[in-house]
Structures are given as structure tokens and as C-alpha cells.
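Engineer: Have a look at this one before I ask anything.
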Amino acid sequence: MDNSSFGINPMHDERLMFIYENQRWNPLTGFSNRRLLTDRCMWSDKSGRRECTKENTKLPSIHWLWTTDWLVDFHTPGGVDRDGWQYAKDFPMVYHGTKGLTDYVRRRRWYRKCKLSTFGPWEELDSVRLVDISMQVDHSGCPMTPVRLWAISVKGEVLCRIGVTHSCPKGIYWEHVVLDQVAQSVSVGGLGEVWVITKNGNAFLRHGVTDEVPAGSIWFVVGPPDKDSTLRRISAGLNTVWAIDTANNLWYRQEIMPLFPEGTCWKHVCGNVRCISAGQNDQVWGVIDIPFSTTGVVCRRLGISKENPIGTNWEHGIGGGWNYVSIRGYKSSVDIVI
């Protein structure tokens with residue numbers, strides 16, 4: 001292999017693109033495309049805030065190709081009827097697969113498959129497909145010290161990568177860490193503390209993670225903030241842990257200490273948060289929806305200190321249209337987003 005292609009490997013991926021067809025009940029004609037002025041577009045994304053039609057939904061980049069036409073999704077969470085519709089009292093509400101007497105709106109999810117086939121600096125590890133991955137933020141830098149790397153598979157399994165070091169960055173193999181619930185989010189914080197969020201909204205902390213026992217020994221259950229909040233994402237910094245629920249509320253785990261790593265309770269910080277990322281120095285960045293303005297704005301949390309670990313407010317940065325941000329790979333005390 002000549003120098004021009006060193007480190008360049010084949011890269012392949014597949015993904016599904018989703019759009020939603022929305023309709024409202026009309027007493028004269030039944031469900032139709034006629035809508036109220038305050039309704040979402042007849043074709044939209046999941047939130048209903050952005051118009052997404054079959055014609056204007058584009059591929060992620062020029063390296064992607066469509067592999068199917070648009071198809072009705074009969075496996076939409078919440079259930080569907082025989083034509084793929086879900087029903088609710090209004091937009092947005094909880095959807096179900098059977099029309100009730102008070103259901104005046106319905107939606108139907110469509111999907112289209114596409115694939116990536118190109119070359120780049122990424123090397124595929126095994127054949128395990130992942131939905132989330134996290135690396136520790138406080139590695140010592142010693143070449144032979146293991147790097148803690150955890151992931152969640154598409155099946156909701158918790159995985160620990162064994163053998164990751166500076167001299168062997170891809171590691172050796174994945175070890176399945178048994179958890180009796182389906183996982184969806186993972187984050188490795190300071191001192192190797194591993195936090196996981198499950199599909200039912202619970203948080204779990206893995207105890208006993210050491211260099212000698214990289215997969216740890218036991219799970220500690222940390223419940224959701226309250227009975228009405230279902231956690232979906234988590235990010236652990238050096239000494240702090242943040243989580244987002246399904247309603248996009250941001251929560252902070254209080255009183256986390258070395259002798260009490262699970263903390264005591266969740267404290268509500270704010271709403272309208274899509275994504276959260278805590279860094280090595282407990283700096284925090286997020287993707288925020290600004291009500292009645294811009295969605296998907298990249299923001300930095302200001303006012304974070306030892307006395308006030310949740311900070312004071314958000315400084316608006318890059319916006320909008322963003323879904324994800326990470327500060328975890330940066331090691332300076334100065335906040336720089338990557």
C-alpha cells in the first residue's frame with residue numbers, strides 16, 4: 001500500500017430516513033389533509049416543527065445512495081392500525097394504534113433506506129452495530145493503562161471494550177455486561193464511573209470498574225426523577241452527571257462524591273434540551289430549542305462552579321438545526337466544542 005492510501009479503509013453504513021404524514025378529522029369528510037392554522041404540516045419530521053416531504057428529504061451526503069422507495073412503517077412505536085396510522089386527541093399527544101371516540105388527529109410514519117459506500121480514516125471493528133458509545137474523560141495518558149470504552153448495541157446490550165490502550169486503540173473484543181433491562185444510552189465519567197439509561201427510563205451505575213476488572217462487578221439502580229419523567233440520555237463529566245428525559249427536560253444528579261458515586265437525587269435544570277455533553281472539567285454544552293424561535297441551537301452552559309454546579313444560563317452559539325454536540329474529547333480548561 002502506498003503512502004497516499006495509508007490509513008484509508010472501506011467505509012460502509014446503512015440508515016433509515018423517517019418522515020410523518022399528518023391528518024386531522026373533519027366531520028364532513030373524515031380524516032383529510034385539511035388542517036387548522038395552528039396544526040403541523042401535513043408532512044413533517046417527528047416533532048412536527050419542520051416540513052419534511054418525500055420530495056425534499058435529501059440524502060445525508062453525496063456518498064449515500066437510496067436503496068428503497070418510501071414505505072409505510074408498520075413497526076412504529078406505540079402501535080399502528082392495518083394501514084399504518086396512529087391516533088391521538090391532538091398534536092402532539094400520546095399516539096396509539098386504535099382510533100378512539102375523542103381522537104381527532106392521526107399520523108403515519110414512512111421510511112426509506114439508504115446506504116453509504118466510500119473510503120475514509122475509519123476502521124470497522126467486528127460486526128456489532130451500536131447506537132451509543134462513550135470513552136472515559138480522565139485517562140492518565142499512560143500508554144499501557146487501559147482506556148475505559150463502553151457502548152450500547154442496537155439490541156440494547158451493554159458492552160465493554162477490552163484491551164483498549166494508546167498502543168492498541170481499537171482494543172481486542174467486546175465483553176457483554178449483563179443488565180436485565182434494554183439499554184439506550186451510556187456515559188463513562190470520572191474515576192471510571194459508568195452510567196447507563198434503559199428504555200424504561202431508569203439510570204444504572206456500574207460499581208467495581210477497575211483496570212483489573214474492566215467490566216465491573218454489580219449494577220446500582222438509580223430511579224428516574226419522578227413518576228412522570230422517563231430518562232433517555234445521560235452524560236457524565238469528571239464529577240457531574242446530567243440526564244435528559246423524553247420531554248427534553250434537563251436534570252442534574254446532586255451530591256455525587258467518591259464515597260457516594262450514585263448521588264442522592266435529581267434536580268431539574270431547564271427544558272427544551274435535545275442533547276447534553278459534559279467534559280473532562282465538568283464544562284457543559286448542549287443542543288437547545290429556543291421557544292417560538294430557533295430549534296437545534298448549540299449552546300454553552302455558563303456560571304458553572306463548585307458552589308453552583310448546575311450553572312446559571314445558556315450562552316447561545318451555533319444555531320440552528322443541530323441534533324448532537326460533544327465536548328468530551330477536549331482536555332483544556334477552556335471550553336472548545338468538537
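The values are calculated or read from the model by the stated rules, or taken from the named source; none is laboratory data. Just so it is clear, the structure is predicted and the values come from calculations on it, not from any experiment. We place every Cβ from the backbone using ideal geometry, glycine too, and count neighbours over all the protein chains shown. Quick note on the areas: whole protein, heavy atoms, side chains included, nothing else; ligands and nucleic acids left out. Shrake-Rupley method; radii C 1.70, N 1.55, O 1.52, S 1.80 Å.
Engineer: Work the Kirkwood hydrodynamic radius out for the stretch 1-123: mean of 1/r over every pair of different alpha-carbon atoms, inverted, in Å.
Structural biologist: Result for the stretch 1-123 stands at 16.6 Å.
Engineer: Right, next: Two decimals is fine: what is log10 I(q)/I(0) at q = 0.14, 0.19 Å⁻¹ for the stretch 72-210, from a Debye sum with one equal scatterer on every Cα and no solvent?
Structural biologist: Summing over Cα pairs of the stretch 72-210 leads to -0.82, -1.08.
Engineer: Could you pull out every residue, at least 5 positions away or on a different chain, whose amide H is within less than 5 Å of the one on CYS52? Hs are placed 1.01 Å off N in the peptide plane, and Pro or chain starts have none.
Structural biologist: TRP43, SER44, ASP45
Engineer: A further question follows. Relative to the compact-globule scaling 2.2 N^0.38 Å, provide the ratio for the alpha-carbon radius of gyration of the stretch 225-313.
Structural biologist: 1.05
Engineer: Determine the dipole magnitude for the chain: charges of +1 sit on the beta-carbon of Lys and Arg, -1 on that of Asp and Glu, nothing else is charged, the reference point is the Cα centre, and the result goes in debye to the nearest 20.
Structural biologist: Dipole about the Cα centre, nearest 20: 1160 debye.
Engineer: For all pairs of alpha-carbon atoms in the chain, what percent lies in each bin of width 10 Å, listed from the first bin to the last filled one?
Structural biologist: Bin by bin from 0 Å, the calculated values are 5, 20, 29, 26, 14, 4, 1, 0.
Engineer: Okay, moving on. Within the stretch 200-305, list the trypsin sites (Lys or Arg not before Pro) lying in a DSSP loop whose Cβ has at most 15 other Cβ atoms in a 10 Å radius.
Structural biologist: Of the trypsin sites (Lys or Arg not before Pro), the ones in loops of the stretch 200-305 whose Cβ has at most 15 other Cβ atoms within 10 Å are LYS227.
Engineer: Take the Cβ-Cβ distance between CYS168 and ASN26 as r, set R0 to 51 Å, and report the resulting FRET efficiency rounded to the nearest 0.05.
Structural biologist: About 0.20, to the nearest 0.05.
Engineer: With springs only between Cα atoms under 10 Å apart, run a GNM on the chain and tell me which of ASN249, ASN33, ASN323 wobbles the most.
Structural biologist: Largest GNM mean-square fluctuation: ASN33.
Engineer: When the chain is fully extended, how far beyond the present Cα-Cα distance does ARG34 get from ILE318, taking 0.36 nm per residue of separation?
Structural biologist: 98.7 nm
Engineer: Still on this model: Could you please put PHE292, PHE119, PHE91, PHE74 in sequence from largest to smallest accessible area, using a 1.4 Å probe?
Structural biologist: PHE292, PHE119, PHE74, PHE91
Engineer: Okay, moving on. Evaluate E = 1/(1 + (r/R0)^6) for LEU179 and SER140, where r is the Cβ-Cβ distance and R0 equals 35 Å; express this FRET efficiency to the nearest 0.05.
Structural biologist: The calculated FRET efficiency here is 0.80.
Engineer: Something else: Among LEU302, TRP25, PRO169, flag the residue with its Cα farthest along the positive direction of the charge dipole of the chain, charges on Cβ as +1 for Lys/Arg and -1 for Asp/Glu.
Structural biologist: Of the listed residues, the answer is TRP25.
Engineer: Given points 7 Å out from each Cα along the Cα-Cβ axis, report the MET11 to ASN202 separation in nanometres with one decimal.
Structural biologist: It is 3.8 nm.
Engineer: Which far-off residues, 5 or more places away or on another chain, put their amide H under 5 Å from the one on CYS114, with H placed in the peptide plane?
Structural biologist: Result for CYS114 returns ARG15, MET17, THR67.
Engineer: Alpha carbon centre of the stretch 247-321 versus the stretch 169-217: separation in Å?
Structural biologist: 22
Engineer: Next up: Could you report the accessible area of ASP245 in Å², rounded to 10, computed with a 1.4 Å probe on the protein chains as they sit in the structure?
Structural biologist: The value for ASP245 is about 0 Å².
Engineer: Sticking with this structure for a sec: What relative contact order, as a whole-number percentage, does the chain give when Cα pairs under 8 Å and 6 or more residues apart are counted?
Structural biologist: Value for the chain: 9 percent.
Engineer: What's the longest uninterrupted piece of the chain once you rule out the GluC sites (Glu not before Pro) that are loop residues per DSSP with at most 12 other Cβ within 10 Å?
Structural biologist: 125-211
Engineer: Something else now. All other residues with a Cβ under 14 Å from the Cβ of TRP174 taken together, and with Lys, Arg as +1 and Asp, Glu as -1, what is their net charge?
Structural biologist: 0
Engineer: Let me check I've understood the local charge: for LEU36, count other residues with C-beta under 13 angstrom from its C-beta, Lys and Arg +1, Asp and Glu -1. What total comes out?
Structural biologist: That sum, taken over residues with Cβ under 13 Å, equals +2.
Engineer: Below 8 Å between Cα atoms, with a sequence gap of 6+, how large is the relative contact order for the stretch 63-154 in percent?
Structural biologist: 26 percent.
Engineer: While we're on this one: Counting Lys +1, Arg +1, Asp -1, Glu -1, what net charge surrounds VAL209 among other residues with beta carbon under 14 Å of its beta carbon?
Structural biologist: -3
Engineer: Now a separate question. I want to verify the translational diffusion coefficient of the stretch 73-143 in µm²/s; compute it with Stokes-Einstein, Rh as the Kirkwood radius over Cα pairs, at 4 °C and 1.567 mPa s.
Structural biologist: Value of D from the Cα-based Kirkwood radius: 78 µm²/s.
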